[in-house]
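Below: one structure, written as structure tokens.
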Amino acid sequence: MIPAVRALERLREGNLRFAEGRAGRWLERYGDRIRDVAEAQEPFAAVLGCSDSRVPAEIVFDQGLGDLFVVRVAGNVAAPSQVGSVEFAVERFDVRLVVVLGHSGCGAVRAVLDGEVPRAGEDSMRAILDRIRPCVEHVSASLSGEPREVVEEASILENVRAAQRALRTGSQGIARAMRARGLQVVGALYRLDTGLVEWLDGSVEP
């Protein structure tokens, strides 16, 4: 299994290819890859990302079929089903790197900042926004008086970190893999205007 450091290197390299317009080399053997992964998969990393149509993890990291185990949900929140999905990747495929991928201009965070209230019957949407709300409230209080764009950016980053914490503490399997197998849970931010991913945690420990 690929260690966390090497997995992160592959994601960094792939994102750079994407941002520079050099992505898609794996498409040259697309047909072969379909057959390769038909019976089994060996993803080298798991990604918990936002459902935003502009942030497809496989594309922005220039990875192909079977490379990433991707969980997507509006606002990249780590509710029980998302934690369970990541736990599945950790336990079943022994991935050593989990990435929480937020992005600039996140609509879910903006909705909370704008005070939007889901209509009657939209309880599931409300549940997502309620998970983001504490992050926005904390940041808004600590950055009172700062421009809206500053508060928005900080709220997006805090929401990523909140999902990291939920993954690290919400699953015994994930916590066990962190202690025993070198699993690392890192945060990242995708910039919509550049196509580049910024890493929140610095270098992954070897």
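Scanning the stretch 153-206 for residues that are of a type in the set (D, E, K, R) and either surrounded by fewer than 18 Cβ atoms within 10 Å (Cβ to Cβ) or at positive phi (or both) yields 161, 165, 168, 176, 179, 181, 191, 193, 198, 201, 205.
Residue 185 falls short on exactly one of the conditions (1) farther than 21 Å from residue 11 by Cβ; (2) under 15 Å from the mean Cα position of the chain (by Cα); (3) not small (Gly, Ala, Ser), and that condition is (1). If only residues of the stretch 1-57 that are among the polar types (S, T, N, Q) and under 29 Å from residue 156 (Cβ atoms) are counted, the one that is surrounded by the fewest Cβ atoms within 10 Å (Cβ to Cβ) is 53. Does residue 109 satisfy the criteria of being touching an Asp or Glu at 6+ places or on another chain (Cβ under 7 Å), among the β-branched types (Val, Ile, Thr) and either surrounded by 24 or more Cβ atoms within 10 Å (Cβ to Cβ) or not in a strand (DSSP E or B) (or both)? For residue 109, the condition - touching an Asp or Glu at 6+ places or on another chain (Cβ under 7 Å), among the β-branched types (Val, Ile, Thr) and either surrounded by 24 or more Cβ atoms within 10 Å (Cβ to Cβ) or not in a strand (DSSP E or B) (or both) - is met.
Take residue 94 and decide whether it is of a type outside the set (A, V, I, L, M, F, W, C), in contact with a helix residue (DSSP H, G or I) (Cβ under 9 Å, 6 or more places away or on another chain) and modelled with pLDDT under 95. Considered against the rule, which asks whether it is of a type outside the set (A, V, I, L, M, F, W, C), in contact with a helix residue (DSSP H, G or I) (Cβ under 9 Å, 6 or more places away or on another chain) and modelled with pLDDT under 95, residue 94 comes out as no.
Here is a yes/no grid of residues against (1) outside any loop (DSSP other than H, G, I, E, B); (2) under 14 Å from the mean Cα position of the chain (by Cα); (3) among the acidic types (Asp, Glu):
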{"position": "6", "(1), (2), (3)": "yes, no, no"}
{"position": "17", "(1), (2), (3)": "yes, no, no"}
{"position": "31", "(1), (2), (3)": "yes, no, no"}
{"position": "39", "(1), (2), (3)": "no, no, yes"}
{"position": "48", "(1), (2), (3)": "yes, yes, no"}
{"position": "54", "(1), (2), (3)": "no, yes, no"}
{"position": "98", "(1), (2), (3)": "yes, yes, no"}
{"position": "102", "(1), (2), (3)": "yes, yes, no"}
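The values are calculated or read from the model by the stated rules, or taken from the named source; none is laboratory data. Computed from a predicted structure; not experimentally measured. We place every Cβ from the backbone using ideal geometry, glycine too, and count neighbours over all the protein chains shown.
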